[in-house]
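Working notes for the structure below.
Each value in this text was obtained by applying a stated rule to the coordinates, not by laboratory testing. All of these numbers come straight from a predicted model, not from anything done at the bench. Glycine also receives a Cβ, built like all others from the backbone with ideal geometry; neighbour counts cover every protein chain displayed.
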Amino acid sequence: MKVGLIYDPIYLEHETGDHEENPARLIEIVSLLEESNLRSQCKAVPPRPASLDELTLVHTPSHVLRIKSFAEKGGGWLTVDTVMSSASYEAGLCAVGGTLNGVDAVMEGEVDCAFALVRPPGHHAMPQEAMGFCLFNNIAITAKHVLQKYDLERILIVDFDVHHGNGTQAVFYDDPRVLYFSVHEYPFYPGSGAFDEDGEGQGKGTIVNVPLPAWSGDAEYLRVFEEILVPVARRYKPELILVSAGYDAHWADNMSLMQVSVSAFTTMMETIKELAQELCYGRLVAVLEGGYHLQALSYSVKAAFEVLRGNPRRDDPLGKTPAIRKPPSIDRILQAVKTVHGLE
């Protein structure tokens with residue numbers, strides 16, 4: 001498998017100080033990929049700055065101008081949880097443009113699949129608002145771009161970040177051309193993602209939320225993939241799969257109360273890849289979202305690259321959760337989701 005890798009040092013210039021979302025995340029990932037020779041085994045896909053026309057596929061012109069102006073003034077705290085530096089606007093443009101170049105490389109057959117190691121992350125960014133460490137919604141813009149450029153009819157977005165991707169959901173809430181699937185801790189930031197948030201109008205049923213309680217772990221996440229994601233994806237028959245790949249549900253990550261291991265993240269990516277091979281000629285692009293424990297993050301991303309290359313390894317230095325809490329039953333939640341989406 002020829003795997004595209006999108007990365008550039010410009011992403012490190014989004015300097016956020018001691019904020020949880022900081023350059024060390026990518027430094028750790030890239031270092032491990034180089035140490036394991038994975039980076040050299042992938043095809044480098046260079047980023048580019050996204051254009052205003054591309055940004056406004058999702059965002060309002062006033063939002064783009066606000067981000068640009070704030071960076072030009074030196075940055076600082078843009079919102080209560082999102083910080084910028086003077087280079088953050090340029091980094092944000094290249095995060096979008098890098099993801100766009102990645103999906104173009106896949107759609108045009110230059111690579112079989114790709115992983116965009118970009119920051120700032122994107123799935124919380126609303127059309128008119130930055131939030132949750134996110135400036136521009138990388139994956140939503142990419143989906144809009146593909147729909148426009150390649151005339152596709154069905155795209156699946158799989159989001160396993162521990163936080164619900166409220167921005168992505170908002171963009172596609174009434175758009176049947178995108179099926180948005182999210183599994184996340186609930187109730188938790190940003191407060192959205194209940195199972196009955198399932199779209200509206202022509203998009204009714206194309207928003208699939210699986211809100212899991214705190215302390216859910218490997219078994220719970222893999223049940224969600226097997227019982228919800230797989231049948232929903234097969235019924236929808238996507239022509240491309242995009243992944244909001246966030247690793248903050250790992251048991252060692254202080255950002256959440258979930259208990260997922262690197263091994264489970266590996267299995268989840270295997271499932272997504274198998275769906276891509278079965279349903280859409282293997283066309284798959286993953287985009288980095290969250291993940292704040294550096295070792296858990298870097299090994300999870302390394303495992304994802306191994307899966308994409310067709311040589312998955314169960315290399316999990318942190319192992320299974322030390323069983324801080326007994327996982328809750330998710331039977332009722334899964335039943336509710338199945339009822340809403342006609343999976344019974």
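Across region 148-234, how large is the tail of the calculated P(r) beyond 23 Å, expressed as a percent of all Cα pairs?
Pairs farther apart than 23 Å: 20 percent.
Mind checking the full-extension length gain between ILE27 and ARG309? Use 0.36 nm per residue of separation minus the Cα-Cα distance, one decimal, nm.
Fully extending the segment from ILE27 to ARG309 adds 99.4 nm.
If only Cα atoms are counted, what is the Rg of the chain, and what is its Dmax, in Å?
When restricted to Cα atoms, the chain yields Rg and Dmax of 18.2, 55 Å.
Give me the one-decimal Kirkwood hydrodynamic radius in Å for region 127-272, with the sum taken over alpha-carbon pairs.
Hydrodynamic radius (Kirkwood, Cα pairs) of region 127-272 is 15.3 Å.
Would you order CYS94, CYS280 from fewest to most other beta-carbon atoms within 10 Å of each residue's own beta-carbon?
Lowest to highest Cβ neighbour count: CYS280, CYS94.
Mind ordering 261-267, 77-83 by average Cβ neighbours within 10 Å, highest first?
Listed from highest to lowest mean packing, they are 261-267, 77-83.
Let me check the size of region 1-140 from its C-alpha atoms; what are the radius of gyration and Dmax in Å?
Answer for region 1-140, Rg first and Dmax second: 14.9, 44 Å.
Round to the nearest 0.05 the FRET efficiency obtained for THR60 and ALA194 when R0 = 22 Å and r is the Cβ-Cβ distance.
With R0 = 22 Å, the Cβ-Cβ based efficiency is 0.25.
Counting every Cα pair in region 272-333, what percent are over 18 Å apart?
Value for region 272-333 (Cα pairs over 18 Å): 56 percent.
Please work out how much length the chain gains when fully extended from GLN277 to LYS320, using 0.36 nm per residue of separation minus the C-alpha to C-alpha distance, in nm with one decimal.
Numbers: separation 43, 0.36 × 43 = 15.48 nm, distance 2.89 nm.
Value of the extension gain: 12.6 nm.
Give LYS273/LYS326; LYS144/LYS237; LYS237/LYS338; LYS204/LYS338; LYS73/LYS144; LYS2/LYS302 a once-over and call out the pairs whose C-alpha atoms are over 22 Å from each other.
On the way: LYS273/LYS326 30 Å; LYS144/LYS237 18 Å; LYS237/LYS338 18 Å; LYS204/LYS338 15 Å; LYS73/LYS144 30 Å; LYS2/LYS302 16 Å.
Beyond 22 Å: LYS273/LYS326; LYS73/LYS144.
Taking 0.36 nm per intervening residue step and subtracting the Cα-Cα distance, what contour gain separates VAL340 from MET1 on full extension?
Between VAL340 and MET1, full extension yields 118.3 nm more.
Could the peptides 308-315, 334-341, 123-130 be put in order, highest first, of the mean number of other beta-carbon atoms found within 10 Å of their residues? Present the calculation step by step, with values, prior to reporting the outcome.
Values: 308-315: 14.8, 334-341: 16.8, 123-130: 23.1.
Ranked from most to least packed, the peptides come out as 123-130, 334-341, 308-315.
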